[in-house]
Amino acid sequence: YGILADAELYYPFLLDETTTLLDSLPNDTLLYINETRWMNRELTRFVEKFDQIADDSRENNALWVKADEAFVPFGEVIAAMERMPRIMVAAGATEGESDAPRLSMGTIPVVEEKGSLQSFFKGMEKWHRDGYRVSIYSESAKASEQMRAVLDDHDLIWAGVETHVGWVSDPFQSEALRLVVMPQDAIFGRQARTPHRQSKFKDGRPLLSLIELQERDYVVHITHGIAQYMGIKRMKVGNEEHDFLALQYGGSDMLYVPTYNINMVQKYIGSTGESGPRLDRLGSASWEKAKSRVKASVEALAKDLLELYAVRQSTKGHAFNTDTTWQHEFAAAFLYDETPDQLRAIEDVLEDLAKPRPMDRLVCGDVGYGKTEVAMRAAFTAVSEGLQVAVLVPTTILAQQHHQTFQLRFREFPVEVRQISRLASTKDVAQAMEGLEKGTIDIVIGTHRLLSKDIKFRNLGLLVIDEEHRFGVKQKEMLRQLKKQVDTLTLTATPIPRTLNMAMSGVRDLSVITTPPENRLPIETYVTEYRPDTVRQAILREMARDGQIFFVHNRVQGIESVAMNLQQLVPEARIGVAHGQMNERMLESMMMRFVHHEFDVLVCTTIIESGLDIPNVNTILINRADALGLAQLYQLRGRVGRSDRRAYGYLFYPEDRAMSEGAQKRLRVIEEFTELGSGFKIAMHDMEIRGAGNLLGPEQHGSIAAVGYDMYCKLLENAIAELKGEEVVEEVETKITLPISVFIPDDYVEDGAAKMRFYQRIASIRDREDRDVIEAELRDRYGNVPEPAIHLLEVATLKARAARLGITTVSVSGSRAQLVFDEGRANVDPSVVLELMRRDPSVELVPPSKLAVRLASSEPHVVLETLERVLVELDRDPTNTVEAVAS
């Protein structure tokens with residue numbers, strides 16, 4: 001059974017000089033051929049563009065091949081198919097097939113009853129009277145559940161309506177079957193879309209993961225202080241092999257940290273200077289003194305943050321009803337499936353809105369990960385109860401984009417959405433201001449103009465802030481005053497560390513979206529010298545697949561000349577220009593024309609940096625990328641790759657000009673971090689390059705330089721917890737010495753960066769469920785997991801439980817294992833130890849704080865199983881144990 005469909009994916013190709021793919025198929029292969037005429041037209045265009053690229057490559061002395069040398073002519077494909085049984089599908093008659101048997105499907109399209117929920121309900125009444133059943137197809141189980149909830153709200157679930165999971169392109173009805181089939185998208189007025197193909201880039205990476213270490217990076221060991229990382233060393237302990245992180249300390253001291261304890265090591269982020277930070281000496285008191293000094297300095301900051309938190313908790317707010325019929329309908333009308341993280345963020349926001357205090361939540365998520373939908377769910381909740389919503393954005397272009405997005409999303413509901421920005425006419429702004437004051441406008445989207453004194457709301461209930469750090473000091477002060485009174489939702493892609501601090505410390509609520517949307521692919525990124533032939537090839541390659549291109553030149557002066565030079569370089573391209581100093585109407589017109597594909601290339605400044613979403617643009621060329629900041633480069637690159645197509649980013653630097661060290665570091669980082677969800681890592685690297693003081697303020701600069709950013713955050717978090725009266729438990733470093741080899745073999749995971757990421761994840765194992773997830777991923781990616789790696793997973797699982805119990809050492813010597821407790825931080829009830837010794841004679845107490853365990857054998861599996869059994873027993877609920885001892 002074969003299918004010929006998308007020209008670029010299924011075009012028959014040559015297997016050698018004479019054999020085609022079709023020649024390899026058996027003669028009885030059944031071919032299903034959809035719209036032969038459409039295929040012919042698309043393939044003709046494909047061949048023309050392919051040949052155009054080949055001609056350009058030949059002129060530039062690059063590798064090239066013509067279409068007729070790579071592909072089979074379509075006429076020959078049709079002729080080859082005639083020897084096979086085939087089903088031809090077409091909307092009308094197909095040329096050359098007039099004598100073939102015909103089968104009419106006996107269906108007619110549904111037109112009037114689609115496009116809105118109300119139209120569908122009217123159609124339902126008519127179909128029900130005429131004895132038709134209705135089948136609604138949703139693309140996922142989640143969407144189908146939402147559809148059932150909507151039908152249930154309207155008492156339609158038992159009125160001859162069925163819901164199914166599947167994909168249907170358009171609604172139709174069959175008189176013979178007395179059946180109407182509707183895709184869910186058609187009910188809510190959305191165009192049907194091609195079903196998703198599965199993508200291997202599905203799972204999100206944790207936002208707060210350790211930035212990848214490279215040799216000679218500076219690091220901080222929680223217990224021993226600042227050192228320099230010298231790579232992973234494999235060493236023998238006894239007769240067994242282990243992998244260690246080699247850390248160079250002051251005075252040539254070396255510390256070897258087992259990979260399962262890598263979570264004790266953080267990358268140093270702070271002010272390094274030319275010579276780097278001062279390295280600590282092993283065994284000296286300098287590190288503890290530095291931590292004590294910083295702890296004293298953060299206590300005042302912690303007190304201020306807690307006062308802010310207390311004020312917010314005591315302020316009365318509006319408690320919203322977050323479970324209504326309309327909200328079910330609004331959720332069901334969402335075009336895509338929510339990612340797990342996005343769904344959690346929505347639930348977090350709705351829970352906050354239901355509480356009788358003002359919300360102050362930060363939603364952190366990478367570019368294009370669905371933060372706007374989270375904001376729209378919150379906005380719908382607010383307007384459902386007659387309150388107004390203000391959406392504050394940093395640029396006029398983003399205001400325009402959000403205005404269109406909100407209008408489209410709310411169009412089936414009685415919600416009035418307006419914008420106030422430079423792109424709105426004076427008349428529209430005046431009407432919007434009047435409507436806000438009278439309460440006839442529900443949602444307003446705008447720039448800092450919304451903060452002006454002449455903007456008056458009748459009953460503002462929710463403030464949504466997109467990228468708060470892009471606003472100035474004056475605007476932020478106005479925001480602080482406004483946020484005291486209303487529920488506030490802040491959206492950000494690359495978080496400012498202090499803002500993140502407040503969220504992680506519980507002063508602000510935090511939701512993190514790290515799961516990429518289905519089918520999202522990483523962006524192929526190239527950092528290279530500016531060469532005209534590279535620019536031309538990149539533009540033509542994108543045009544060949546009907547895509548569009550951003551060409552970023554961040555200087556208004558001379559941008560027209562750049563566009564003219566580009567036009568001479570690529571005369572086939574339609575080129576437009578956009579920048580922030582253009583007349584508002586002209587800028588809006590230019591952007592709309594580009595959105596409607598009247599131009600292939602938009603030459604623009606960084607005005608496109610924030611939030612602009614044009615899925616058809618999948619190539620971006622950034623001129624003088626060396627002159628832009630790291631976070632800015634990341635945001636710009638995020639303007640492409642918003643669909644399921646592979647996207648490309650070209651970052652150009654001048655051919656004959658020396659770059660500063662900072663520029664080289666920025667370009668190296670942006671080229672390295674292309675994986676999905678890199679926003680937080682980019683922000684941290686930006687702080688590393690620019691210096692923490694620039695982002696956090698001079699009062700924290702010295703403290704961060706002394707201990708590094710991660711340790712500073714930890715000390716601040718502990719100071720806040722202590723002021724709250726919470727117990728602060730210092731993390732226990734558990735040393736495990738077993739006669740077992742624990743490492744990931746080089747011939748199993750050959751890529752060093754990938755191995756380091758697995759070591760980081762293994763060190764963060766909290767329980768057996770975490771361990772099993774990592775083992776399954778290793779097996780899926782690299783095959784059966786070798787024994788040393790299995791042992792590593794087991795040891796990391798033991799270490800996690802031992803650290804939780806306050807055990808500092810787990811060792812094996814001969815036929816005995818020893819568990820040593822930290823007397824001040826032991827987390828085991830004495831009654832549990834007594835009960836364990838009563839039931840298991842192989843366990844005995846060695847005063848003052850050791851447990852000895854006799855081993856039946858020194859075989860690795862026996863050692864690991866025995867230790868796990870003992871640790872699980874020690875981790876039991878003491879109340880049950882006390883009862884057992886008493887009895």
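Here are the numbers for this structure:
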| item | result |
| --- | --- |
| Residues of segment 377-396 classified as closer than 17 Å to Gly446 by Cα and either open to solvent by less than 10 Å² (accessible area, probe 1.4 Å) or over 28 Å from the mean Cα position of the chain (by Cα) (or both), total | 7 |
| Residues of segment 176-218 satisfying the condition of being modelled with pLDDT of 60 or more and in a loop (DSSP other than H, G, I, E, B) | Ala176, Leu177, Arg178, Phe188, Gly189, Glu212, Leu213, Gln214, Glu215, Arg216, Asp217 |
| Some residue of segment 711-718 being farther than 15 Å from Glu299 by Cβ and of a type outside the set (Gly, Ala, Ser) | yes |
| All positions within segment 828-847 that are outside any loop (DSSP other than H, G, I, E, B) and of a type outside the set (Val, Ile, Thr) | Pro830, Ser831, Leu834, Glu835, Leu836, Met837, Arg838, Arg839, Glu844, Leu845 |
| Residue pairs meeting the criteria (Cβ under 6 Å; at least 6 apart or on separate chains; first closer than 10 Å to His221 by Cβ, in segment 243-272; second modelled with pLDDT under 90 and part of a helix (DSSP H, G or I)) | Gln266/Asp710 |
| Subset of segment 567-593 (residues that are touching a strand residue (DSSP E or B) at 6+ places or on another chain (Cβ under 6 Å) and free of Cβ contacts under 8 Å to residues at least 12 places away in the same chain) | Gln567 |
| When residues of segment 219-242 are limited to those that are open to solvent by 30 Å² or more (accessible area, probe 1.4 Å), in contact (Cβ under 8 Å) with a residue 60 or more places away in the chain and in a strand (DSSP E or B), the one nearest to Arg281 (Cα to Cα) | Ile232 |
| Count - residues of segment 710-742 that are aliphatic (A, V, I, L, M) and under 30 Å from Ile790 (Cβ atoms) | 5 |
| Answer from Arg645, Arg657, Arg585 - the residue that is at pLDDT below 85 and under 17 Å from Ile539 (Cβ atoms) | Arg645 |
| Output for segment 424-440, where each listed residue is among the hydrophobic types (A, V, I, L, M, F, W, C) and over 37 Å from the mean Cα position of the chain (by Cα) | Ala430 |
| Flag for Ala538 being aliphatic (A, V, I, L, M), open to solvent by less than 20 Å² (accessible area, probe 1.4 Å) and modelled with pLDDT of 90 or more | yes |
| Looking only at segment 442-489, and only at residues there that are of a type in the set (A, V, I, L, M, F, W, C), open to solvent by less than 50 Å² (accessible area, probe 1.4 Å) and in a loop (DSSP other than H, G, I, E, B), the one that is modelled with the highest pLDDT | Ile455 |
| Extreme residue, nearest to Val732 (Cα to Cα), among residues of segment 762-787 that are in contact (Cβ under 8 Å) with a residue 40 or more places away in the chain and open to solvent by 30 Å² or more (accessible area, probe 1.4 Å) | Ser764 |
| Residues within segment 788-827 that are open to solvent by 30 Å² or more (accessible area, probe 1.4 Å), in a loop (DSSP other than H, G, I, E, B) and more than 22 Å from Ala856 (Cα to Cα), tallied | 6 |
| All positions within segment 522-555 that are assigned to a loop (DSSP other than H, G, I, E, B) and closer than 19 Å to Phe46 by Cβ | Ala544, Arg545, Asp546, Gly547 |
| Candidate set: segment 19-46, residues that are in contact with a strand residue (DSSP E or B) (Cβ under 8 Å, 6 or more places away or on another chain) and open to solvent by less than 40 Å² (accessible area, probe 1.4 Å); chosen: the one farthest from Gly547 (Cα to Cα) | Thr29 |
| Test: Asp710 is loosely packed, with under 15 Cβ neighbours inside 10 Å and either modelled with pLDDT of 65 or more or within 27 Å of Thr808 (Cα to Cα) (or both) | no |
| Count of segment 834-863 residues which are within 22 Å of Thr797 (Cβ to Cβ) and surrounded by 19 or more Cβ atoms within 10 Å (Cβ to Cβ) | 6 |
| Qualifying residues in segment 308-346 (those that are in a helix (DSSP H, G or I) and β-branched (Val, Ile, Thr)) - the one nearest to Phe410 (Cα to Cα) | Thr325 |
| Identity of the residue in segment 90-119, open to solvent by less than 40 Å² (accessible area, probe 1.4 Å) and among the polar types (S, T, N, Q), that ends up modelled with the highest pLDDT | Ser119 |
| Selection count where residues are modelled with pLDDT under 85 and among the hydrophobic types (A, V, I, L, M, F, W, C), scope segment 334-363 | 1 |
| Residue in segment 410-431 that is crowded, with 22+ Cβ neighbours inside 10 Å and of a type in the set (Ser, Thr, Tyr) present | yes |
| Condition met for Ile740 (surrounded by 20 or more Cβ atoms within 10 Å (Cβ to Cβ) and closer than 26 Å to Glu215 by Cβ) | no |
| Residues satisfying the stated conditions in segment 757-787, i.e. part of a loop (DSSP other than H, G, I, E, B), within 14 Å of Asn263 (Cβ to Cβ) and not aliphatic (A, V, I, L, M) | Ser764, Arg766 |
| Helices (runs of 4 or more DSSP H) contained in segment 556-653 and holding at least 2 residues open to solvent by 50 Å² or more (accessible area, probe 1.4 Å) | 559-569, 584-595 |
| Segment 1-13 - residue that is open to solvent by less than 60 Å² (accessible area, probe 1.4 Å) and farther than 15 Å from Gly75 by Cα and, of those, modelled with the highest pLDDT | Ala5 |
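The values are calculated or read from the model by the stated rules, or taken from the named source; none is laboratory data. Nothing here was measured: the structure is a model prediction, and the numbers come from that model. Every residue, glycine as well, gets a Cβ built from its backbone with ideal geometry; the counts of neighbours run over all protein chains shown. Calculation scope for accessible area: heavy atoms of the full protein, side chains included, ligands and nucleic acids excluded. Shrake-Rupley method; radii C 1.70, N 1.55, O 1.52, S 1.80 Å.
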